[in-house]
Amino acid sequence: MSKAQLTAFMVKVDADTALRARVDAAGSVDAVVAIALEQGHAFSPASWSRAQRP
């Protein structure tokens, strides 16, 4: 579970509108993590949740 992997995924999501739509439509944190894994990025659901806090 790498912070670098999380950061890279977030950059990719910001740059790709289709990917952004998939992430926005994901019904759970686990679904977002699964999408990230499909894209070659591995991190924990807790890491995603922490990154989404203001």
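Please go through region 21-38 and give me each residue that is open to solvent by 70 Å² or more (accessible area, probe 1.4 Å) and more than 9 Å from the chain's Cα centre (by Cα), ordered by number. Before you say what the answer is, go through the steps one by one.
The first filter runs over region 21-38 and keeps only residues open to solvent by 70 Å² or more (accessible area, probe 1.4 Å), leaving 22, 24-25, 27, 30, 37-38.
Listed by number, the residues that qualify are Arg22, Asp24, Ala25, Gly27, Asp30, Glu38.
If the condition is being basic (Lys, Arg) and either touching a Cys at 6+ places or on another chain (Cβ under 6 Å) or surrounded by fewer than 16 Cβ atoms within 10 Å (Cβ to Cβ) (or both), then region 4-20 contributes only Arg20.
The values are calculated or read from the model by the stated rules, or taken from the named source; none is laboratory data. Everything quoted here is computed from the prediction, not taken from an experiment. Neighbour counts are summed over all protein chains in view; Cβ atoms, including those assigned to glycine, are modelled from backbone coordinates with ideal geometry. The accessibility values were calculated without ligands, DNA or RNA, using every heavy atom of the protein model including side chains. Shrake-Rupley method; radii C 1.70, N 1.55, O 1.52, S 1.80 Å.
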